[in-house]
Amino acid sequence: MKKNITKLLLGTLTEKEIIEFKKWLKDPSNQAVLEAYVRDYHDLNLATIENNLDEAYNKVCLQIDKTEKPVRRLLPNWTKYAALIVLLIGLGLFYQQGFFSSQNQVVIVPKDDSIILELGNGTIQVVDVDGIKEVKDSEGNIVYVQRQDQISYSQVTKKEELVFNTLKTPNGKKFQVELSDGTLVFLNAGSSLKYPVNFLSEGPRQVFLTGEAYFDVTTNESNPFIVNVDELDVKVLGTEFNISAYGEDEHIDVVLVKGAVDLNKKERLQEGAVELSPGQKGTFYQDSMGITVDDVNTSLYTSWMQGKIIFNDLTFKVILKKLERHYNIEIVNTNAEIENEVFHASFDNVDIGEVLGYFNDIHNIDFKIKGNRVIIK
């Protein structure tokens, strides 16, 4: 029945399956199971249009109508209700009764690597995300304060030269840093940010990013904020945006939520900057050095801050890399035939066992677990 629920949401149920499903759903407890399942296992084909209920409903029913003919009223109103559940993620219904536990599901214990702060003099400090810490300079001025998962810097002195710190988040962990100018940076797993302890009073405020981060930049018209990402400079005055620059993507995505940003290709400033408006994504292709701009639903690109995982038109090979980083596990794929297959999926704060169970149940991708290693068969 689990597969039939998913096929319902994708609009691929046959007429015989619809009749069986209708009988099964007469039991109120089964209705609760349906609600819980679509809450945690909704397909991105519908999730990507979560802001348009009519379009989502029509998409589901269009395929169902094809299987109904010549019987026109085979399905009751619960079909629309099921489609709406997929889209109204805010309902917050929880996974119930263990009905959909995968037979292959085994508890995976991710590695617990530490968040690292590298100081300008090369000293390495391990960040205790459960602790509180206050660091002062030789003159007694507070340099930064750490409270659990955030470090906040103070603009204590005016320096004549920049001193950089580097914050590194391992796979499986996220962290926040408030820079000395008040700019907030939310670092995703497997990322690093190099930044000045104090910005200079004159000149641009420049930081260096590897991986992914969300920036909420403090406005300062006389000192523009620049994020350096490989061969791309993202220049802003004050705005909110997300940058994703992981190696497996082979491109850099800049998604603008508020304000305005300019995308500049290094050493090619004569070509002019590409300006983004809110709701747009700029993609920089490192092989061709080209930049494209598209209108997007920004929430799909910032939902990682709430622990969500969204795969939109990604190959299985890339998906596995992102799962390794998100959960801090090792995945070995021995099935080369599916490496380049493209998938769409979305998961909301679930453990890796449920993600793997989804691929096993819906796409017949089998796996086994050894310690914190997953082997795709």
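The values are calculated or read from the model by the stated rules, or taken from the named source; none is laboratory data. On a predicted model such as this, the values are computed, not experimentally measured, just so you know. Neighbour counts run over all protein chains shown; Cβ positions are idealised from the backbone, glycine included. We work out accessible area using only protein heavy atoms, side chains counted, and drop any ligands, DNA or RNA first. Shrake-Rupley method; radii C 1.70, N 1.55, O 1.52, S 1.80 Å.
General remarks:
- The range 271-332 shape via C-alpha gyration tensor axes, a/c threshold 1.5: oblate
- For Leu314, residues with placed amide H under 5 Å, excluding near neighbours: Phe343
- Site pair Glu339 and Asn297 shows an inter-label distance of 3.2 nm when each label is modelled 7 Å from Cα along Cα→Cβ.
- Using the Karplus relation 6.51 cos²θ - 1.76 cosθ + 1.60 with θ = phi - 60°, the per-residue 3J(HN,Hα) values for the range 326-343 come to 5, 9, 6, 10, 10, 10, 10, 9, 9, 9, 5, 5, 9, 4, 9, 5, 9, 10 Hz, with x marking Gly and Pro.
- Between Gly238 and Ala260, the built amide H atoms are under 5 Å apart, and every one of these is 5 or more places off in sequence or on another chain.
- Three-way shape label, the range 212-351, alpha-carbon gyration tensor, a/c 1.5: prolate
- Amide H contacts of Gln206 (H built 1.01 Å from N, under 5 Å, at least 5 apart or other chain): Ile226
- Using a probe radius of 1.4 angstrom, the carbon and sulfur fraction of the accessible surface of the range 287-377 is 43%.
- Surface per residue (accessible, 1.4 Å probe) for the range 272-377, Å²: 45 Å²
- Here the scattering of the range 190-261 is modelled by Debye summation over its C-alpha atoms, one equal scatterer each and no solvent; at q = 0.12, 0.24, 0.25, 0.28 Å⁻¹ the log10 of I(q)/I(0) is -0.30, -1.13, -1.21, -1.41.
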